[in-house]
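The values are calculated or read from the model by the stated rules, or taken from the named source; none is laboratory data. Please read all numbers here as calculations on a predicted model, not as lab measurements. Cβ sites come from the backbone with ideal geometry, for glycine too, and all protein chains shown count toward neighbours. Calculation scope for accessible area: heavy atoms of the full protein, side chains included, ligands and nucleic acids excluded. Shrake-Rupley method; radii C 1.70, N 1.55, O 1.52, S 1.80 Å.
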Amino acid sequence: MSANSLAVETPFRGFLREFAQDRVAVVAFLVLALIVLLALLAPWITPQDPYDLSNLVLMDARRPPGYVGSKGFTHWLGTDSQGRDLYSGILYGLRISLQVGLMAGAIAFGIGASLGTLAGFAGGRVEALIMRIIDLQLSFPAILLALVLSALLGQGKWPLIAALVTAQYAYFARTAHGAASAERSKDYVEAALSTPLSSVRVVFRHVLPNCLPPLIVVATVQVANSIALEATLSFLGLGMPVSEPSLGMLIANGFQYMLSGRYWISIYPGIALIVLIVAINLVGDQIRDQLNPRLKR
Amino acid sequence: MSSPKNSLSKSEPQFSLHNGTTTGVTAPLLQVRDLATEFATRSGVARAVDGVSFNVFAGEIVGLVGESGSGKSVTGYSILGLIDLPGRITKGSVRLEGQELIGMARHQLRTLRGRRIAMVFQDPMSTLNPVLTVFAQMRLAMLAHGRPDDAQMRARALEALGKVGIPDPERRLEAYPHELSGGMRQRVAIAIAFLNQPALVICDEPTTALDVSIQAQILVEMKTLVREAGVSLVWISHDLATVSVLASRLLVMYAGRLIEEGPTAEVLSRPRHPYTQGLIDSLPSRAAPGRDLVQIPGSTPALTSLPSGCAFRERCAHATAICSTAPVQTIESPRTWSCHHPLNTHVAAENDL
Amino acid sequence: MMLVISALVFIGVYAVGNPIDVMISPDVTQEIREQTIRAYGFDLPLWQQYGIFLQRLITGDFGRSFVYNMPVLDLIMSRLPATLEITLIAVVGAALLGVPLGMFAGYAPNSFAARAIMGVSVLGFSVPSFWIGLVLIFVFAVNLGLLPAGGRGETVMLFGVEWSFLTVNGLMHMLLPAVNLALFKLALLIRLARAGTREVMLTDTVRFARAAGESEWTILRHHVLRLIAIPLVTVFGLELGSTLAFAVVTETIFSWPGVGKLIIDSISVLDRPVMVAYLMLVSLLFITINLTVDIAYAALDPRLRARKSS
């Protein structure tokens, strides 16, 4: 196959190669990449900034797709109840979804993995205490927690992220704890601990990398979850403020118009949301399958 | 002793393998001809079984020996048709009591499995279902081949447990597998295999996972059981020592090929194939006290990249240029071997037993 | 445990923001304001309020709703049957449909039907349930006009409680919300059952059963089902809680007058007694569910039973 067959294939390359063999996953990945690209370029490729209220012309409200607005450009996907160009709104909404989802996921990962590894490694009372809290939290549905927190903290991006992180870090913590406990009893850890290295260093440089695969699995699930959760919260009126609508809020705004036939206000943002989440899940599925040792064929 | 050209209808004219135990020209219970099973792996095609042929006659115990990876277990699974993807049987014929098993319809095969031919696996903890009681599992096996009522099934189950030497069988019926010791569990698995009175039982390393003392017990019990029930046994193992106690005939496999065959005593005392000699020499009982154990140099080649010709040639002290061509199977009933430079042939010429 | 939760909930709900502002309009005279404060005990220090709260709790008194001005417990109880109706149907439906479908997908994973099932389950799993609800309304209510778009149907009194499943009209109203609730669990169960079945089919247990001549149906029913039941029940039980949580969303979309809609309304108007009571009851429910799952787990897996007794 390759001329350089003497080169040893690193595990990462092997991973990529196997990934490339599943067509569905590759397509999903490309779609995802496209979405990210569009979201990043949103300020330059949209005709309107949907957050700038002065841009909105009420006369253009609730117009069907293809309508040429009073500003002179075509609303390819129609407008919503406040005159917002849906195409712009969707792209900006995708930005928010990605931002919030990834940030919440990353922070939850960081906090949860650290806590869990610490608990798994330290053992004794520390472990018991931390895990008690984690277990308590895990028996509570994430959405309810996020709901209440969001309601109490008010609207806005950072309160939203805080609510999402609080709802999700526990999953990371539990997985990290399980992996760390298993690793702790292994020989290489004993060996590393007997050297002058501080135990914190041992944890971060030796134990944590080996705990990564299951954590990555959880991460792929949780990022998609964050996005879905954010959308749900926005839909319910919590989360992002009305002036900076995320996809969920756009959908909510259009809900009442569904029955009167102005379906586009809800449907198009909805489709965008679905495509994003499904793409993430498909890519995540493939990553999960590849990391699962028990499915080795 | 030797009646090479057997005129009975069931045996193929070009193969005149002798049963090696008694005089008599009975048809073989199991006839395996040129069986081949492949596995498609990421690094290529692995021929786990590569053209294996042998017979098993009624009432005899045949030992199938080889290292891990030699294809002995896969041979056993292939006979029963238990090969899952990515493996498949690519050619050959397996005849049980005259019926061709390869390519047989699934529901027909099912009526034979457990009833005429059964199998015991290596690790009883993974063989038995941990959430079902012993009796529940035995019931399922019995119901697969008939409709006995509850009382009948209980009676049969108790009898089977008694036969494999389980004390206090009534209590054991309601036990779960994890409540039994390793030896007990394997006895239960053996009992299930014998439950429907099959004619042939294939045992895939059934004592490997057990304590040595339990091993010995079970070996003795198997011998009695086989004799009483008139059942044939194919005993698969990597341990020459245990097999030689039990089997009257030995089949030696290497890298998916059958390289030597013959009565146990003969194979052990005058092996023809260098690999067999290596196996015998590496037995701990053969090592002189205080000396290192003898090992066969090198290691088993990967099944996806076997050397051409004789698969053993890269580890063989007697290998020459001709060994890169496939060795022909030499048949000197009751012995067969596949080697360009067989050992002990001069001895055989002198006193052929 | 409950004590800790009650403390957390109380502090969270009462300490954030000023409860008094919710109930009375800001341009009321100072005197009335102070009167109201005293009447509700808001002038007492927080820990005293908590003490009174606990006291009342023991007698089952969750206080009165600020908005509805009726005892919170009664309020919740009156809305509970509606939620129970759709939740139970959703859960039972998802189990009865999901497990067989998932087992089939795990048994023949490369068949077209199995792949189709898995493809659809990805949707049910990843798509947020509010969106599915919207689509359901769009397709069935708006376009096809088959089913009502919201609200509860006719009710019939049974044991002093109003239920709607006893009338056809009631059932028709219940169908869409129940389906909406069920989809996520259905997708989850299908995926779990498939993964479990696939794993079990490759074990020695199944091989041994096949070697004994047991039929594929027997194997699936007696071996696979019993073996995957353990993780399924565990996850299923834990997900019961999230179903109740998702009822919040579903009830909002379908204007279903259940406990979920109640909490959303309460949150938006900051009707704190209701919030507190809801959260406490939900926590209690959770702890009960977790306990039940633990017991069921031990019942299903005999290996655990032995350890517990020894």
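What to note about this one:
- Chain A, relative contact order [Cα under 8 Å, separation at least 6], %: 23 percent
- Shown are B:340, C:173, B:318, whose ranking by accessible area with a 1.4 Å probe and every protein chain present, most to least, is B:318, B:340, C:173.
- Nearest-ten-degree value, helix A:124-138 long axis tilted from longest Cα axis of chain A: 30 degrees
- Using heavy atoms of the protein chains and a probe of 1.4 Å, the accessible area assigned to residue C:261 is about 50 Å².
- Per-residue ellipticity at 222 nm from helix content only, as computed over chain A with -39500 (n - 2.57) for each DSSP H run of at least four residues, stands at -23000 deg cm²/dmol.
- Size of the stretch A:85-188 as Cα extents on the principal axes (Å, biggest first): 60, 30, 17
- Cα Rg over Rh - the stretch C:187-310, Kirkwood: 1.17
- Long-range amide H partners of residue B:335 with built H, under 5 Å: none
- Our note on the geometry: Cα centres of the stretch B:83-100 and the stretch B:292-335, 26 Å apart.
- Ranking C:118, C:172 from most to least accessible surface, computed with a 1.4 Å probe over the protein chains only, gives C:172, C:118.
- The Cα atoms of chain A define a convex hull whose projected area, averaged across directions, is 20.9 nm².
- Of all accessible heavy-atom area on the stretch C:176-309, the percent that carbon and sulfur account for (1.4 Å): 68 percent
- Percent of C-alpha pairs per 10 Å bin in the stretch A:130-223, short distances first: 15, 35, 29, 16, 5, 0.
- D_trans [Stokes-Einstein, Kirkwood Rh over alpha-carbon pairs] for the stretch C:210-277, 25 °C, 0.890 mPa s, µm² s⁻¹: 161 µm²/s
- Debye-sum result for the stretch B:205-353 in log10 I(q)/I(0), which assumes one identical scatterer on each alpha carbon, at q = 0.09, 0.21 Å⁻¹: -0.33, -1.40
- Residue order for B:249, A:125, C:191 - accessible surface, 1.4 angstrom probe, largest first: A:125, C:191, B:249
- Three-way shape call for the stretch B:159-242 based on the alpha-carbon gyration tensor, with the a/c threshold at 1.5: oblate
- Tilt relative to chain B, helix B:134-143 - C-alpha long axis, 0 to 90 degrees, to 10: 80 degrees
- For residue B:220 and residue C:111, the FRET efficiency from 1/(1 + (r/R0)^6), where r spans their Cβ atoms and R0 equals 51 Å, is about 0.60.
- The stretch B:128-258, relative contact order [Cα under 8 Å, separation at least 6], %: 23 percent
- Positions from the stretch C:174-222 whose accessible area shrinks by 50 Å² or more when the full protein complex is built, not the chain alone, probe 1.4 Å: C:198, C:199, C:204, C:205, C:207, C:208, C:210, C:211, C:212, C:213, C:214
- In this structure the amide hydrogen of residue B:201, modeled in the peptide plane, comes within under 5 Å of the amide hydrogens of B:118, B:232, B:233, B:234, none closer than 5 places in sequence on its chain.
- Relative to the longest principal axis of the Cα atoms of chain A, the long axis of helix A:23-45 lies at roughly 50 degrees.
- Area accessible to solvent at residue B:142, 1.4 Å probe radius, in Å²: 0 Å²
- Value of relative contact order over the stretch B:100-195, rounded to a whole percent, pairs C-alpha under 8 Å and six or more apart: 41 percent
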